[in-house]
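Peer 1: Dropping the structure in here first, questions after.
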């Protein structure tokens, strides 16, 4: 029960702070947006490369099985 109360107080204080210092919040969001996009881009690139490697490994193992028969 105390976690719920602490959570509600934190939300209320966060909303109050965001409304009082709106321009600072907006400036922070504008500054973090390019950084977040770069990080997600690297994450997507890594996932794509990993998928291509796995697909290549599967095709390679299929060809090895055909050669052994």
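Each reported figure results from applying straightforward, stated rules to the coordinates on display, with no laboratory input. Model, not experiment: these values are computed from the prediction.
Peer 1: Which angle from 0 to 90°, rounded to the nearest 10, does the C-alpha axis of helix 2-20 make with the longest principal axis of the chain?
Peer 2: Approximately 80 degrees, to the nearest 10.
Peer 1: From the mean inverse distance of alpha carbon pairs (Kirkwood) and the Cα radius of gyration, derive Rg over Rh for the chain.
Peer 2: 1.45
Peer 1: Also, I was wondering about something else. In a Gaussian network model over the chain where Cα atoms closer than 10 Å are linked, find which of 47, 12, 26 has the largest mean-square fluctuation.
Peer 2: Among 47, 12, 26, the largest GNM mean-square fluctuation belongs to 12.
Peer 1: Follow-up question, since we're still on this one. How far, in degrees from 0 to 90, does helix 22-68 lean away from the longest principal axis of the Cα atoms of the chain, to the nearest 10?
Peer 2: Helix 22-68 and the main axis of the chain meet at about 20 degrees.
Peer 1: Multiplying the sequence separation of residue 12 and residue 30 by 0.36 nm and subtracting their Cα-Cα distance, what value in nm do you get?
Peer 2: This chain segment gains 4.1 nm when fully extended.
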